[in-house]
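For reference, the structure discussed in these notes is given below.
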Amino acid sequence: MQDNANPIPNDRPALPLKGYRLLDYKTDPAIVGIAFDTEQGPFMFVANKEILAMLGAAFSQKASEMPSQNQG
């Protein structure tokens, strides 16, 4: 599910990403762990194959629409 109505909700902080890790979820091979590293520490999420594929496609689409950093 995607919610673009309020991109930065007031009840959740927007934390800059410093990195990420994909982790095998040992108790269920159909799940992957996604750890996003932020200035406030890591935040861990889990996703199945379908969600991971949707995230990958959404991130790729958004990245292709963004200007390069050197294009002020």
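For V46, the residues whose amide H sits under 5 Å from its own are I34, ignoring neighbours fewer than 5 places away on the same chain, with H placed 1.01 Å from N.
So which lysines can K26 reach, going by Cα to Cα under 16 Å and dropping same-chain residues fewer than 8 places off? Excluding near neighbours in sequence, the set is K49. For region 23-70, the equivalent ellipsoid derived from the alpha-carbon gyration tensor has semi-axes of 25, 17, 6 Å in decreasing order.
Every number here is computed from the coordinates shown, using simple stated rules; none is lab data. Being a predicted model, the structure only gives us computed values, none of them experimental.
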